[in-house]
Every structure is written in structure tokens, then in C-alpha cells.
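Undergrad: Below you'll find the structure I mean.
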Amino acid sequence: MTIERPIDRLRKVLGRYDGLTVAVSGGVDSMTLAHVAHGITQLTVFHAVSPAVPVDATTRVKHHAAAQGWRLTVAEAGEMADARYLANPQNRCYFCKTNLYDRIRANIGNAIVASGSNLDDLGDYRPGLLAAKERDVVHPLIEAQLTKRDVRDVAAELGLTDLAELPAQPCLSSRIETGISINAGDLAFVEEMEMRARALLPDFQHVRCRIRSVGVVLEVDDPEDPRMSDLRAMAAAAADAHGSRLESIQQYRMGSAFLKR
């Protein structure tokens, strides 16, 4: 029996839609979805910008859109005006996606909106999926039963080398410990700290700057690496300039700023 390839399953799913507006964050999932959808269905790409969206993600979206000829809409996400989001509760992502999808509707109209959620996301705590369900957002990667690894394989098959092994890039607000209010100044600090840390550790896949109740925590792949002394000096000075302090450098742990209460 011939096993259907992930890219063929995805193409079959996308062929069911006359048109899609894909919410593209700049990560591998939504970007790969947009690449496959282009030419199969009438595609519109929507990218939301805000202090929580890394600058390099926006740059990546614009580069691919220009190269591929995507019809791209870039607009403010709007979540920074939502007090519920700024309070950074356990279900912060619900309010983020609520603002995102409502903003898409306001800009695009009644087109079918698609997310880049993949099959693995169903096994995680994703309050944004509830906001999507309430707004009839579709998830082609899930419909095609694509895991994160499948998505990376599709990107590689398409020659999208800059996407295939792109590290996971959740929004900058994910670095702020649950219950600590979100503000643009902290998000800018987190982004700058991570950019400077990656410059010192270009071979590391994971570099995270967390703002926690105990202070600033850097998480990296190997906290015993010889370069940690340089990283610590840089991070301590940056934290001091920000009005905070460096608490420690630790092993990377996914979602470690999220506190389930």
C-alpha cells in the first residue's frame, strides 16, 4: 500500500477551499502553509505586527511575500489595547487570538481564515484554539494530519531551507511569567537580549530571555558552555540598564514562563 506523502495530503485539503486568508506569524507552520496554498487556492496572507512580534519574523514574512507574489496585508494586531491580554492570565493566548482574528475580519471581510496550527498543537494547552473555534477559523495542517516534523519535511521538500529548521518562535509575551503584566518596554528588552545572546551563541537552537518574579532568567541549550561568562556579563549589564537584574542562566525548558494555576 502506498503511503500518501504529507505534502500531497495538504494539497488535497487545500484544494477543497476556493480561497483562504492565512494568518502568517513568520514561523515554519504558517509560512509553509502559505507556500503550499499559493497556486492551489486564492491566497491572501495576513501578518499582524505588535510589540510581541519579533522584528525578524515580520522581515521574513515580507521577504517571502515579495519573492512569491503573495497578496499580503500587514496590520496592527490590537492585543496591546486589550486589558485582559495585558494582565497576562493563564489563557492570555485566547485574548491574543481573539484580537488577531477579529482584526483579520475587519481588514479582509468574510473570507475563510486559516491558522498554521499543526497536529501536535492538539496535545498542548492552546487557549487560542478556542478563539479560533468561536470564529470558524480552519486548520488545514490539522485536517491533513500534519505534525510539526511533517511540516518541516514539507518545507524542506519545497526548498525552503530558511524555514525547514527554523527554531520555534513563540511570541515575545510568552517570555513573561504568568501574572506579570505585559508591557512594550519589557518585550523590547526581551527581544534585544535574545538578539545579543544569539550573536554570542550562533550555534544554539534555543535562547530565551524570561522575565520572572525572581528576576531575569536566560535559558540556553547548554548553560555549561565556556561562553557563559561572556553571556553573563552582557546579560547582567543589559538587565541593570533595564532596571531589573539577571537572576540566572539555566537549561532551556519549553514554556517555562507559563504558570498553570
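Undergrad: List the pairs whose first member sits in the stretch 133-146 and is more than 14 Å from Y17 (Cβ to Cβ) and open to solvent by 30 Å² or more (accessible area, probe 1.4 Å), whose second member is modelled with pLDDT of 95 or more and among the aromatic types (F, W, Y), and whose Cβ atoms are under 9 Å apart, counting only residues at least 6 apart or on separate chains?
TA: Pairs that qualify, where the first residue is more than 14 Å from Y17 (Cβ to Cβ) and open to solvent by 30 Å² or more (accessible area, probe 1.4 Å) and the partner is modelled with pLDDT of 95 or more and among the aromatic types (F, W, Y), are E134/Y101; R135/Y101.
Residue by residue, here is whether (1) among the aliphatic types (A, V, I, L, M); (2) touching a His at 6+ places or on another chain (Cβ under 8 Å); (3) part of a helix (DSSP H, G or I) holds:
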| residue | (1), (2), (3) |
| --- | --- |
| I3 | yes, no, no |
| I7 | yes, no, yes |
| V22 | yes, no, no |
| S25 | no, yes, no |
| A34 | yes, yes, yes |
| T44 | no, no, no |
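Undergrad: Also, quick follow-up: Please enumerate the residues belonging to the stretch 2-35 that are among the hydrophobic types (A, V, I, L, M, F, W, C), within 15 Å of L146 (Cβ to Cβ) and at pLDDT 95 or above.
TA: Hits for the stretch 2-35 are I7, L10, V13, L14, V22, V28, M31, L33, A34.
Undergrad: For the stretch 183-195, indicate whether the set of residues that are of a type in the set (A, V, I, L, M) and touching a Ser or Thr at 6+ places or on another chain (Cβ under 7 Å) is non-empty.
TA: Yes: the stretch 183-195 contains one or more residues that are of a type in the set (A, V, I, L, M) and touching a Ser or Thr at 6+ places or on another chain (Cβ under 7 Å).
Undergrad: Would you mind telling me which numbered condition in (1) in a loop (DSSP other than H, G, I, E, B); (2) aromatic (F, W, Y); (3) crowded, with 22+ Cβ neighbours inside 10 Å Y125 fails?
TA: Of (1) in a loop (DSSP other than H, G, I, E, B); (2) aromatic (F, W, Y); (3) crowded, with 22+ Cβ neighbours inside 10 Å, only one is false for Y125: (3).
Undergrad: Sticking with this structure for a sec: I'm checking my understanding of the structure. Among residues of the stretch 222-247 that are within 12 Å of A197 (Cα to Cα) and among the charged types (D, E, K, R), which one is surrounded by the fewest Cβ atoms within 10 Å (Cβ to Cβ)?
TA: D230
Undergrad: Looking at (1) surrounded by fewer than 20 Cβ atoms within 10 Å (Cβ to Cβ); (2) under 17 Å from the mean Cα position of the chain (by Cα), can you tell me which one E79 breaks?
TA: The one condition E79 does not meet is (1).
Undergrad: Against the condition open to solvent by 10 Å² or more (accessible area, probe 1.4 Å), touching a Cys at 6+ places or on another chain (Cβ under 8 Å) and under 29 Å from Q68 (Cβ atoms), how does R152 come out, does it pass?
TA: no
Undergrad: Can you tell me which residues in the stretch 88-113 are part of a loop (DSSP other than H, G, I, E, B), closer than 24 Å to L146 by Cβ and open to solvent by less than 60 Å² (accessible area, probe 1.4 Å)?
TA: If the condition is that a residue be part of a loop (DSSP other than H, G, I, E, B), closer than 24 Å to L146 by Cβ and open to solvent by less than 60 Å² (accessible area, probe 1.4 Å), then A111 is the only one that fits.
Undergrad: Might you let me know whether the stretch 114-122 holds any residue that is farther than 22 Å from R149 by Cβ, open to solvent by less than 70 Å² (accessible area, probe 1.4 Å) and part of a helix (DSSP H, G or I)?
TA: For the stretch 114-122, residues farther than 22 Å from R149 by Cβ, open to solvent by less than 70 Å² (accessible area, probe 1.4 Å) and part of a helix (DSSP H, G or I): absent.
Undergrad: Still on this model: Exactly one condition in (1) modelled with pLDDT of 95 or more; (2) among the hydrophobic types (A, V, I, L, M, F, W, C); (3) within 24 Å of D18 (Cβ to Cβ) is not met by A111; state its number.
TA: Result: A111 fails condition (1) only.
Undergrad: A further question on this structure: So E76 fits all but one of (1) at pLDDT below 95; (2) out of contact with any strand residue (DSSP E or B) (no Cβ under 9 Å at 6 or more places or on another chain); what number is the exception?
TA: (2)
Undergrad: Ok, one more. Identify, from the list A57, A67, the residue that is open to solvent by 50 Å² or more (accessible area, probe 1.4 Å) and hydrophobic (A, V, I, L, M, F, W, C).
TA: Answer to the selection: A67.
Undergrad: Restricting attention to helices (runs of 4 or more DSSP H) lying wholly within the stretch 157-245, give those where 1 or more residues are under 30 Å from I7 (Cβ atoms).
TA: 161-164
Undergrad: Quick check on my filter: what residues within the stretch 37-49 are surrounded by 19 or more Cβ atoms within 10 Å (Cβ to Cβ) and more than 15 Å from G69 (Cβ to Cβ)?
TA: Answer for the stretch 37-49, where residues must be surrounded by 19 or more Cβ atoms within 10 Å (Cβ to Cβ) and more than 15 Å from G69 (Cβ to Cβ): F46, H47, A48.
Undergrad: Something else about it: Being within 17 Å of A57 (Cβ to Cβ), of a type outside the set (A, V, I, L, M, F, W, C) and in contact with a strand residue (DSSP E or B) (Cβ under 9 Å, 6 or more places away or on another chain) is the filter here, so list the residues in the stretch 188-226 that pass it.
TA: E191, E192, E194, R198, H206, R208
Undergrad: Within the stretch 54-87, can you find the residues that are closer than 22 Å to R135 by Cα and part of a loop (DSSP other than H, G, I, E, B)?
TA: Scanning the stretch 54-87 gives A77, G78, D82.
The values are calculated or read from the model by the stated rules, or taken from the named source; none is laboratory data. Quantities reported herein were computed from a predicted structural model and do not represent experimental measurements. Neighbour counts are summed over all protein chains in view; Cβ atoms, including those assigned to glycine, are modelled from backbone coordinates with ideal geometry. Only protein heavy atoms, including side chains, enter the accessible area calculation; ligands, DNA and RNA are left aside. Shrake-Rupley method; radii C 1.70, N 1.55, O 1.52, S 1.80 Å.
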